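J.: Have a look at this one before I ask anything.
Each reported figure results from applying straightforward, stated rules to the coordinates on display, with no laboratory input. Remember, it's a predicted structure, so these values are computed and weren't measured experimentally. Cβ atoms come from the backbone with ideal geometry, glycine included; neighbour counts cover every protein chain shown.
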Amino acid sequence: MRRLLWLLLAILVVAGPSGAGPARPRMAMILPGVIQDADFNAVGYQALKEVQSTTGVQTGHSEQVAVADAERVAREYLGAGYSIVAFHGGQYLTIVQKLAPLFPDATFIMESSGQIPSLPGNVWNIGRKFYEGFYVLGVLGALATRSNKIGYIAGIRLPDFVASLNAVFQAVGKYNPRAEVLYTFVGDQNDPVKARQAAESQIAAGVDFIVISVNLGTVGVIEAARAARRPVLLTTFYTDKSSYAPQHFTTSLVSNFGKPYVEVVRQILAGRRSGYYEMRPGAGFGLTPPRNVPPEVSRRVQEVWRAVVLRQERIEEVTDRIVERR
Amino acid sequence: MSWELFLDPSLLRLAVAMSVPLVLASAGELLMERSGLLNVAIEGMVTLGAAAAFLASFAAGSTGLGMLAAALSGVVVAAVFAHYAVAWRQEQVTVGLTLYVLCLGLSSLLYRVVVGVRLTPPRVETLQPVVLPVLGWLPVVGEVLFHQHALVYLSAAVVAVVHLVLFRTSLGLRLRAVGENPVAADTVGVDVFRLRKAAAAAGGALVGLAGASLPFTLTGTFTEGIAGGRGWIALMLVIFGRWTPVGAAAGALLFAYVEALQFKLAMVSRAVPPQFLQMLPYAFAVAVLVRASRGARAPEALGKPYHREARA
């Protein structure tokens, strides 16, 4: 009897692991802000949840991770057995470049403004060509402004946002050379108070169309537009915020990070541990139909959008300096 | 660059509106400091007040309830602070810093529990400008001062009331005595503990209201870090104003003006780096504080726990 029990136990021990199947890979996402920002971090978190539901990987995330803390947080995940670490934001490049060679068994996902030469062999790079989308927002501003003054409000002077501002300058220069672009970098993507101050200053200077390039700061710009004594039109990005101020929003450059993240994780699970995925108009970026503008303006903007999607519109990408065109 | 830029009515109007959280928070802190309590939790209290105001208004659809919730949140935190600092005679800076961190975490937690993760930020109605009859019709001054929302007028009234109470009433005299020499005040029958707790509660309510002014007048929503250092600036303004409500309010207006000016300058001058302009209000605050604090004298018993049995 005792021998029989030992035999059963041995069978269970041997059969146990194979019955449970291989351990599912785990993926961590490091986010620069809070996931309830209804903006960049919220869409990143949504992408993570989409990865979980479509690929079956287990996920974890950390919010409000400053660049200085990112390495420590990533090391904690790697030490806890996470094999995929994603950095949602373009500011973590140096951390990825440092950690990837030190953890060759792990795979890293990073975001940037485009192709980066000589990345380690275990890094996936998601290039985000925001500027192409902002070019179309600039076209809309150029065609919709009545005061011939267009505002651009950004937070931090990151290459993405510099390129986007330059794209707005190019669009306005081509579609309405008489118009002027006034821009402000408020120093924080998520400070609605500063964003409101900047917007009030621009509105006081005659701006009647503002291209918003901040995250949570958007709500401050909206409040400034609502308080203005004359109509002020707005555009935003990442998520569609038109319901927030229907009479002010014209369009939103919406982002779907779920698509690139799911695709990249599938590739990783299939054994391809490095590569480049580009987000651009038509591939991860969409434009909501323009509203609060004349139909001919809406039609023209959608034509330009299609041309940008098909790469038929020439847009220069300048990330290192602001090229003002007056 | 024209000098008219510096006196642009829209700039001045914005500066007056932006000064409200600073005026209310510094008036609240001043009441506490005049009684001898140094409350450094003020930045956290402003944030918690903003969260409480937004969430109560979001849930109940009432700005008035939001204001009440903000004031109550300030009173509760101030009561905890006063209990530790007055009844238990704990080190005030340590207690204040602990409460500061607690308030930041609590405001974030409350928001997350009530609102959760959304792709459209929830918002509440912001206060609209109220044009005062006659005064509002005056050229320039009318537009700058009397085309403002209700909290601007309330903050002006608060400054006047705090000034009158502190310097024109026996209650104010007792409060100042408690902050200067609690032993002497106690000797003549003033209840030091009770008065300090009352000052903390009143000051806490004003600090909470300062927080409420952010979502109700500027943003229509709550975001983490919404206070943006305004609590710390209010702490500095009390010193700048030499522990007088009018002086602190003047400092608040000055700071708000420089803060609003940076964005005007950023638009007209491309030669100056934006990072320098963003630093401008704080550099200005440090420079002015260094100048203004010369000869300023804090209440003698500020930050010192009162021990009735201790020998003087």
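J.: Could you calculate the FRET efficiency of B:Glu4 with A:Arg178 from 1/(1 + (r/R0)^6), where r is the beta carbon distance between them and R0 is 25 Å, rounded to 0.05? Mind dumping the intermediate values first?
T.: Working: r = 24 Å, r/R0 = 0.98.
Here the calculated transfer efficiency is 0.55.
J.: Distance from the Cα centre of the stretch B:228-280 to that of the stretch B:91-137, in angstrom?
T.: One Cα centre to the other: 20 Å.
J.: Length gain on complete extension for the stretch B:Leu65 to B:Val93, per 0.36 nm per residue less the alpha carbon to alpha carbon distance?
T.: Extra length available between B:Leu65 and B:Val93 comes to 6.9 nm.
J.: Please give the average number of partner chain Cβ atoms lying within 10 Å of the Cβ of each residue in A:186-193, rounded to a whole number.
T.: Numbers: counts 6, 7, 3, 0, 4, 5, 11, 13.
Average neighbour count from other chains, rounded to a whole number: 6.
J.: Of A:Ile268, A:Ile116, A:Ile150, which has the largest mean-square fluctuation in a 10 Å C-alpha GNM of chain A?
T.: The residue that fluctuates most here is A:Ile116.
J.: Here is a further query. Using θ = phi - 60° and the Karplus form 6.51 cos²θ - 1.76 cosθ + 1.60, what ³J(HN,Hα) does each residue of the stretch B:202-213 get, whole Hz, x for Gly and Pro?
T.: Here the 3J(HN,Hα) series is 5, x, x, 4, 5, 5, x, 5, 4, x, 4, 5 Hz.
J.: Let me ask something else about it. If R₀ is 35 angstrom, what is the calculated FRET efficiency for the pair B:Gln128 and B:Val161, using the beta carbon separation as r and rounding to 0.05?
T.: Details: r = 25 Å, r/R0 = 0.70.
Once the sixth-power term is evaluated, E becomes 0.90.
J.: Translational diffusion coefficient, Stokes-Einstein: compute it for the protein assembly as shown using the Kirkwood radius over C-alpha pairs as Rh, at 20 °C and 1.002 mPa s, and state it as an integer in µm² s⁻¹. Numbers along the way, then the final one.
T.: Numbers: Rh = 26.8 Å.
Approximately 80 µm²/s, per Stokes-Einstein.
J.: Would you grab the residues whose amide H sits under 5 Å from the one on A:Phe237? Only those 5+ places off in sequence or on another chain, please, with H modelled 1.01 Å from N.
T.: Amide H neighbours of A:Phe237: A:Leu253.
J.: Search the structure for amide H atoms under 5 Å from the amide H of A:Tyr152, placed 1.01 Å from N in the peptide plane, and list their residues when 5 or more places away or on another chain.
T.: Amide H neighbours of A:Tyr152: A:Leu182, A:Tyr183, A:Thr184, A:Val211.
J.: Taking θ = phi - 60°, what integer Hz values does the Karplus form 6.51 cos²θ - 1.76 cosθ + 1.60 yield along the stretch A:126-134, in sequence order, with x for Gly and Pro?
T.: 9, x, 10, 8, 4, 4, 5, x, 5
J.: Further question on the same structure: What nm value, rounded to one decimal, do you get for the distance between B:Val140 and A:Thr319 when each label is placed 7 Å out toward the C-beta?
T.: If labels sit at B:Val140 and A:Thr319, their model points lie 4.9 nm apart.
J.: How large is ³J(HN,Hα) for each residue in the stretch A:246-252, as worked out from phi by the Karplus curve 6.51 cos²θ - 1.76 cosθ + 1.60 (θ = phi - 60°), to whole Hz, x for Gly and Pro?
T.: 3J(HN,Hα) across the stretch A:246-252, in whole Hz: x, 7, 10, 7, 9, 7, 10.
J.: Here is a further query. Per residue of A:220-227, how many C-beta atoms from partner chains lie within 10 Å of its own C-beta, taken as a mean?
T.: Working: counts 5, 1, 6, 8, 2, 0, 4, 7.
For this peptide, the per-residue mean of nearby foreign Cβ atoms is 4.
J.: Now for a separate question. Taking only Cα atoms and a 10 Å spring cutoff, compute GNM fluctuations for chain B and point out the largest among B:Gly116, B:Gly64, B:Gly96.
T.: Result: B:Gly116 has the largest fluctuation of those listed.
J.: Follow-up question, since we're still on this one. Average partner chain C-beta neighbours within 10 Å, per residue of B:211-219?
T.: Across the residues of B:211-219, the mean count of other-chain Cβ atoms within 10 Å is 4.
J.: Let me ask something else. To make sure I understand, if each residue's beta carbon is the centre and we count other beta carbons within 10 Å, what order do B:Leu280, B:Leu135, A:Leu216, A:Leu78 fall in, fewest to most? Please report the intermediate quantities before stating the final value.
T.: Details: B:Leu280 16, B:Leu135 12, A:Leu216 29, A:Leu78 19.
Fewest to most other Cβ atoms nearby, the residues stand as B:Leu135, B:Leu280, A:Leu78, A:Leu216.
J.: Ranking B:Thr98, B:Thr47, A:Thr239 by Cβ neighbours within 10 Å, fewest first, what do you get? Working shown, then result.
T.: Numbers: B:Thr98 17, B:Thr47 29, A:Thr239 24.
With the fewest neighbours first, B:Thr98, B:Thr47, A:Thr239 line up as B:Thr98, A:Thr239, B:Thr47.
J.: In addition: Between A:Ile156 and B:Val117, what is the label-to-label distance in nm when each label sits 7 Å out along the Cα-to-Cβ direction?
T.: Spacing of the two 7 Å Cα→Cβ label points: 2.1 nm.
J.: Round to a whole angstrom and tell me the spacing of the C-alpha centers of the stretch A:262-290 and the stretch B:42-75.
T.: 42 Å
J.: If you don't mind, there's one more thing I want to ask. Find the centroid of the Cα atoms in the stretch A:182-245 and in the stretch A:55-114, then give the distance between the two in whole Å.
T.: After rounding, the separation between the Cα centres reads 32 Å.
J.: Also, I was wondering about something else. DSSP beta bridges in chain A, what fraction antiparallel, as a percent rounded to 5?
T.: Values: 4 of 47 bridges.
Percentage antiparallel, nearest 5: 10.
J.: Mind listing the long-range amide H neighbours of A:Phe249? Cut-off is under 5 Å, sequence gap 5 or more, other chains count too, H placed in the peptide plane at 1.01 Å from N.
T.: Counting only residues 5 or more places away or on other chains, the set is A:Leu234.
J.: Still on this model: Most mobile of A:Ala228, A:Ala171, A:Ala28 per a Gaussian network model of chain A (Cα springs, under 10 Å)?
T.: A:Ala228
J.: If one takes the longest principal axis of the Cα atoms in chain B, at what angle in degrees, from 0 to 90 and to the nearest 10, does the Cα axis of helix B:245-268 lie?
T.: 30 degrees
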